[in-house]
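Here is the structure we will look at, set down as structure tokens.
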Amino acid sequence: MPRYFFHIRHDTDKRDEEGEELADRHAAWKEATVMAGQMLQDVDGQLKPGRDWEMEVTDEFSQPLFRLVISAQQPR
């Protein structure tokens, strides 16, 4: 089974060095959305305007597959 990695960027980069074996890129997308929802709950007030939260999903060859971005902006 292929291995997928879920890297997080919010203030600092948190590289996923272990990854997770999943059936295919569709399973990786589903896992990314579930993980993102759980992780955003843990942000707990730390998401501020100008400090985006991002998850990048890569394959076992370090090729980017998906990027989820939560952008916090103040209205003008």
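The values are calculated or read from the model by the stated rules, or taken from the named source; none is laboratory data. Keep in mind that this is a model prediction, so the values were computed, not measured. Virtual Cβ from ideal backbone geometry, glycine too; neighbours counted across all protein chains shown. Accessible surface areas use protein heavy atoms only, side chains included; no ligands, DNA or RNA. Shrake-Rupley method; radii C 1.70, N 1.55, O 1.52, S 1.80 Å.
Some values worked out for this structure:
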item: Local net charge near E18, Cβ-Cβ under 13 Å (Lys/Arg +1, Asp/Glu -1); result: -2
item: Label selected from (1) 18, 15, 11; (2) 32, 12, 8; (3) 25, 12, 11, the criterion being semi-axes √(5λ) of the Cα gyration tensor in Å as computed here; result: (3)
item: Karplus-derived 3J(HN,Hα), 6.51/-1.76/1.60, for each residue of the stretch 24-41, Hz, glycine and proline x; result: 6, 5, 5, 5, 5, 5, 4, 4, 4, 5, 5, 4, 4, x, 5, 5, 5, 5
item: Chain lengthening between R3 and A27 when straightened (0.36 nm per residue, less Cα-Cα); result: 7.6 nm
item: I70 accessible area, assembled protein chains, probe 1.4 Å, Å²; result: 60
item: In the stretch 21-66, the GluC sites (Glu not before Pro) that fall in loop regions by DSSP, at most 13 other Cβ within 10 Å; result: E60
item: Whole-number accessible area per residue in Å² for the chain, which is evaluated in the context of all protein chains at 1.4 Å; result: 72
item: Mean residue ellipticity (222 nm) of the chain, computed from DSSP H runs ≥ 4 via -39,500 (n - 2.57), nearest 500; result: -8500 deg cm²/dmol
item: Share of carbon and sulfur in the accessible heavy-atom surface of the stretch 1-57 [1.4 Å probe, %]; result: 46
